[in-house]
2 protein chains.
Amino acid sequence: MKNVPYRLYLTEEQMPKQWYNLRADMKEQPDPMLNPATLKPICKEELYPIFCRELAHQELDAETRYVDIPEEIRQMYRVYRPSPLIRAYNLEKELGTPAKIYYKFEGNNTSGSHKLNSAIAQAYYAKKEGMKGLTTETGAGQWGTALSEACAYFNLPLTVFMVKASYEQKPYRKAVMQTFGAEVIASPSNQTQVGRAILANDPNTTGSLGCAISEAIERAVSSDGYRYVLGSVLNQVLLHQSIIGLESKTAMELLDEYPDIIIGCAGGGSNLGGLIAPFMQDKLLGKANPYFIAVEPASCPSMTRGRYAYDYCDTGKVTPMARMYTLGSGFIPSANHAGGLRYHGMSPIVSKLYHDGYLDEARAVEQTKVFEAATLFSRVETILPAPESSHAIRVAIDEALKCKETGEQKTILFGLTGTGYFDMTAYAAYHEHRMTDYIPTDEDLQRGFDALPNVPGAQE
Amino acid sequence: MKNVPYRLYLTEEQMPKQWYNLRADMKEQPDPMLNPATLKPICKEELYPIFCRELAHQELDAETRYVDIPEEIRQMYRVYRPSPLIRAYNLEKELGTPAKIYYKFEGNNTSGSHKLNSAIAQAYYAKKEGMKGLTTETGAGQWGTALSEACAYFNLPLTVFMVKASYEQKPYRKAVMQTFGAEVIASPSNQTQVGRAILANDPNTTGSLGCAISEAIERAVSSDGYRYVLGSVLNQVLLHQSIIGLESKTAMELLDEYPDIIIGCAGGGSNLGGLIAPFMQDKLLGKANPYFIAVEPASCPSMTRGRYAYDYCDTGKVTPMARMYTLGSGFIPSANHAGGLRYHGMSPIVSKLYHDGYLDEARAVEQTKVFEAATLFSRVETILPAPESSHAIRVAIDEALKCKETGEQKTILFGLTGTGYFDMTAYAAYHEHRMTDYIPTDEDLQRGFDALPNVPGAQE
């Protein structure tokens with residue numbers, strides 16, 4: 001094996017020029033999105049009022065294996081990419097593990113996360129197609145910040161519906177979006193029909209991603225020349241995020257390395273799906289057999305305890321239905337849940353891979369254990385990780401400690417999706433021993449399952 | 001000229017293995033630090049109660065041209081370095097300038113600034129010499145965060161006296177330091193004699209760096225096994241920060257480039273002194289003649305309007321006296337001053353170079369103009385700059401616009417010292433048109449000059 005530097009940056013020549021579309025190599029396709037009125041697969045034309053045309057095409061295109069990254073997008077990628085592949089020598093030493101730990105760090109940009117990779121693509125296509133503006137939702141704020149950044153660059157107006165809990169707890173996130181020129185509205189708001197209905201039902205709700213999505217879609221379809229964009233879950237997002245995995249794989253090849261275990265945190269699946277994509281291709285084609293672990297919060301356990309079923313992507317039920325692991329579109333994590341990964345469902349691609357056994361394992365972890373890992377990591381690796389990313393750190397540490405017991409020198413790769421500068425309230429709660437864990441009861445979850453729509457033959 | 005990438009990262013082999021001590025090539029040395037009681041040059045032994053031995057040695061060593069960077073420090077540098085040299089293609093395009101703009105970006109670490117470069121060195125030597133802990137001060141919080149990070153890594157207790165205005169305005173900064181295990185105290189505090197005296201004199205003071213320094217020193221010298229560390233001004237700090245300039249120079253050589261203009265923001269001089277060091281060597285040795293510009297806030301104009309005089313480094317007058325450009329050790333910028341660069345004096349090395357004409361120009365800029373530049377920069381370059389760094393951006397933009405007028409294709413290099421994630425209050429004030437400028441009157445400044453100590457023959 002070659003001498004491995006702490007940080008490996010690809011050169012511009014080594015950076016990917018195409019995204020990789022994992023669906024092209026899947027043995028079975030994810031079940032199609034359905035029109036909730038007809039229960040028939042949705043077609044491109046039905047998506048046009050919501051998404052711009054190229055993105056609607058990408059959403060439904062399961063055939064094209066490699067998609068050229070437009071030069072305008074590659075130019076913007078070069079401003080903050082490549083992201084480094086980092087060998088966690090200090091963490092390995094701290095743990096005393098024989099395992100080799102690598103992480104792909106996507107936090108070196110102002111949005112502080114991998115979300116920018118898809119934000120740039122979505123803003124670019126909207127601008128190219130002459131749109132007047134975009135709407136979106138944001139939870140912890142990473143996606144909203146990323147899209148604000150991208151829209152500022154392409155000079156495109158943006159309205160962000162921000163989950164009320166985050167809007168109130170993260171004023172700095174809001175200020176960053178405003179610096180980039182975005183309009184930021186706390187959700188649920190009284191500016192949309194769906195927001196008013198949700199508020200009428202529960203005036204004290206702190207909001208949810210599903211609710212903010214409903215509001216953003218309503219605003220987009222009712223505003224001339226506006227389209228809606230989403231930062232995760234969608235097939236198009238996983239396509240754009242494949243750059244994470246493609247860069248990682250190239251970097252590991254340069255080091256004569258290949259991961260035995262690949263770990264990603266999983267909220268809507270954007271990072272996980274992007275990170276694993278080219279390695280999953282190897283598995284699907286029988287070239288390699290890495291072990292994939294998706295990590296989710298015990299307080300929002302869509303993969304480990306959810307149903308694989310058709311569900312709405314939003315609380316207001318204005319979206320098409322997707323078949324995915326879901327806790328029900330009305331699910332809201334308990335109030336003590338800090339950080340992101342709070343979406344009720346999971347990317348249909350990731351769900352299908354998990355359901356069919358290609359994605360080997362989903363693991364739920366409790367947040368105090370997550371912040372314990374985050375604190376240890378920050379002290380030895382000097383990066384203050386986002387709570388989301390720290391789910392992957394937790395499991396990477398646990399796997400490395402298993403190697404310490406068994407003596408195996410496994411190669412572990414995980415995705416460090418972003419930084420936690422805007423999550424200091426949660427860090428402070430952890431350090432002051434005010435953070436608690438909450439695992440939903442079976443009864444909690446049953447309420448969500450009872451509300452699932454009825455799609456004959458598809459609800460497991 | 002070679003094809004220039006957006007971001008150039010050195011390999012580990014290309015990274016500097018030695019710091020560069022600019023004093024070894026200066027024609028005339030900065031005037032020595034004086035013992036205020038005797039007005040005689042201070043010796044190493046007098047510094048030992050304050051600094052650990054190796055750092056006291058570095059402080060006074062004007063002969064050693066290159067200092068080996070200990071392997072333990074290089075190991076930690078590799079965790080977050082090299083920092084990229086970035087070609088600002090997008091900014092150039094936005095400005096329509098023929099100038100080529102490069103910046104060295106030091107914000108890709110949790111402390112969010114270049115301060116970590118010296119923090120690691122100072123914590124390392126303290127640990128190596130068996131110290132029990134460290135004390136320091138912090139203003140905007142970059143230095144305190146950096147030192148907290150370094151002390152967490154070397155497992156060394158740390159107490160940070162944080163300027164009260166920042167302590168109250170930047171709770172997240174405080175939380176980051178606490179995450180790294182540091183004790184953070186608002187300054188002035190009632191925990192030191194000097195703090196109590198300052199509070200008795202002005203109970204409503206929002207504090208100053210000079211005051212926090214006094215408290216940190218008092219705490220260090222009165223605690224067994226503790227030493228004091230400072231993030232700027234000192235010769236040792238400029239030595240450690242020379243890594244910025246050394247990496248920049250190597251990167252530019254790889255691109256067959258050499259800067260015509262080099263721009264750095266100037267608070268205490270740590271970034272500026274580090275960035276310019278190897279280029280200044282070229283100038284001192286007659287090998288090249290780049291034009292150096294130091295940029296400071298109009299509200300704290302130590303170089304453009306200060307006296308070149310002996311002064312105390314702190315408000316409580318417990319430090320040795322240094323000859324430097326100073327506004328008087330009691331100077332506090334007006335309350336509307338946002339961000340950092342609020343120190344009353346300037347590094348003696350930088351001061352001497354400026355006084356003798358090697359550092360070509362000091363320029364004061366108003367903060368609304370600084371935030372205007374910061375906002376433009378963030379939108380096109382996708383990095384949200386710290387207010388400190390944005391002083392350099394302002395002047396880089398102004399110089400690039402001059403090139404647009406004259407048609408000159410000058411090569412501009414500036415230091416982008418850090419990120420502004422913790423400065424969103426100031427950004428919000430700017431965007432909501434609540435930010436104002438304040439230029440001190442001559443009378444304001446005269447009060448500071450009247451309080452300068454009397455050192456015959458040295459006060460200009």
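The values are calculated or read from the model by the stated rules, or taken from the named source; none is laboratory data. Because the structure is a prediction, the values reported are computed rather than measured. Backbone-built Cβ (ideal geometry, glycine too); neighbour counts: all protein chains shown. Side chains included, ligands, DNA and RNA excluded: accessible areas come from the protein's heavy atoms. Shrake-Rupley method; radii C 1.70, N 1.55, O 1.52, S 1.80 Å.
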With modelled with pLDDT of 95 or more, of a type in the set (A, V, I, L, M, F, W, C) and either within 28 Å of residue B:169 (Cβ to Cβ) or open to solvent by less than 40 Å² (accessible area, probe 1.4 Å) (or both) as the only criterion, which of A:194, A:160 stands out?
A:160
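To keep it simple, each residue is scored yes or no on (1) open to solvent by 10 Å² or more (accessible area, probe 1.4 Å); (2) of a type in the set (D, E, K, R); (3) without any contact (Cβ under 8 Å) to a residue 24 or more places away in the chain.
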residue: B:316; (1), (2), (3): yes, no, no
residue: B:332; (1), (2), (3): yes, no, no
residue: B:342; (1), (2), (3): yes, yes, no
residue: B:348; (1), (2), (3): yes, no, no
residue: B:386; (1), (2), (3): no, no, no
residue: B:390; (1), (2), (3): no, no, no
Just to be sure before I move on: is residue B:395 open to solvent by less than 10 Å² (accessible area, probe 1.4 Å), within 20 Å of residue B:32 (Cα to Cα), β-branched (Val, Ile, Thr) and in contact with a helix residue (DSSP H, G or I) (Cβ under 9 Å, 6 or more places away or on another chain) in the structure I sent?
no
Determine whether residue B:315 is in contact with a Cys (Cβ under 6 Å, 6 or more places away or on another chain) and closer than 23 Å to residue B:62 by Cα.
no
Taking the options A:282, A:224, A:260, name whichever one is surrounded by fewer than 23 Cβ atoms within 10 Å (Cβ to Cβ), at pLDDT below 95 and touching a Lys or Arg at 6+ places or on another chain (Cβ under 9 Å).
A:224
Name the residues in the stretch B:368-384 that are more than 9 Å from chain A (Cβ to nearest Cβ) and open to solvent by 20 Å² or more (accessible area, probe 1.4 Å), would you?
B:368, B:369, B:372, B:376
Residue among B:87, B:78 that is at pLDDT below 95, within 14 Å of chain A (Cβ to nearest Cβ) and closer than 23 Å to residue B:277 by Cα:
B:78
Name the one entry in B:135, B:145 that is more than 10 Å from every other protein chain (Cβ to nearest Cβ), in contact with a Lys or Arg (Cβ under 8 Å, 6 or more places away or on another chain) and open to solvent by less than 10 Å² (accessible area, probe 1.4 Å).
B:135
Check every one of the helices (runs of 4 or more DSSP H) wholly within the stretch B:49-155 and list those with 1 or more residues that are under 19 Å from the mean Cα position of the chain (by Cα) and not aliphatic (A, V, I, L, M).
B:53-60, B:71-80, B:116-128, B:142-154
When residues of the stretch B:326-352 are filtered for being within 18 Å of residue B:395 (Cβ to Cβ) and modelled with pLDDT of 95 or more, how many remain?
2
With the first residue restricted to the stretch B:154-165 and required to be under 15 Å from residue B:129 (Cβ atoms), and the second required to be of a type in the set (Val, Ile, Thr) and at pLDDT 95 or above, Cβ contacts under 9 Å at 6 or more apart or on different chains are B:154/B:120
Does residue A:189 satisfy being polar (S, T, N, Q) and part of a helix (DSSP H, G or I)?
no
Residue list for the stretch A:310-337, restricted to those being in contact with a helix residue (DSSP H, G or I) (Cβ under 9 Å, 6 or more places away or on another chain) and closer than 20 Å to residue A:441 by Cβ:
A:325, A:326, A:327, A:328, A:329, A:330, A:331, A:332, A:334, A:335, A:336, A:337
Give the residues of the stretch B:1-43 that are away from chain A (no Cβ under 14 Å), farther than 24 Å from residue B:456 by Cα and at pLDDT below 95, sorted by residue number.
B:1
Residue under evaluation residue B:215, criteria (1) among the acidic types (Asp, Glu); (2) buried (at least 24 other Cβ atoms within 10 Å of the Cβ); (3) out of contact with any Gly (no Cβ under 6 Å at 6 or more places or on another chain), criterion not met:
(3)
Go through the stretch B:161-179 and give me each residue that's aromatic (Phe, Trp, Tyr) and within 10 Å of chain A (Cβ to nearest Cβ).
B:172
Those residues that are charged (D, E, K, R) and either within 17 Å of the chain's Cα centre (by Cα) or within 19 Å of residue B:208 (Cα to Cα) (or both), I need them from the stretch B:271-304; list them, please.
B:296
Which pairs have Cβ atoms under 6 Å, sit 6 or more apart or on different chains, and link a residue in the stretch B:32-47 that is open to solvent by 50 Å² or more (accessible area, probe 1.4 Å) to one that is small (Gly, Ala, Ser)?
B:44/B:56
Would you pick out the residues in the stretch B:423-442 that are polar (S, T, N, Q) and either at the interface with chain A (Cβ under 9 Å from one of its Cβ atoms) or in contact with a His (Cβ under 7 Å, 6 or more places away or on another chain) (or both)?
B:425
Enumeration of residues in the stretch B:12-31 that are farther than 26 Å from residue B:350 by Cα and touching a residue at least 24 places away in the same chain (Cβ under 8 Å):
B:12, B:14
In the set A:415, A:420, the lone residue that is within 13 Å of another protein chain (Cβ to nearest Cβ) and either within 17 Å of the chain's Cα centre (by Cα) or under 30 Å from residue B:384 (Cα atoms) (or both) is A:420
Picked from the stretch A:403-456 (must be open to solvent by 80 Å² or more (accessible area, probe 1.4 Å) and hydroxyl-bearing (Ser, Thr, Tyr)), the residue nearest to residue A:300 (Cα to Cα) is A:438
Look at residue B:105 and say whether it is within 14 Å of another protein chain (Cβ to nearest Cβ), among the aromatic types (Phe, Trp, Tyr) and touching a strand residue (DSSP E or B) at 6+ places or on another chain (Cβ under 7 Å).
yes
Yes/no for residue A:64 being over 30 Å from residue A:356 (Cα atoms) and among the β-branched types (Val, Ile, Thr)
no
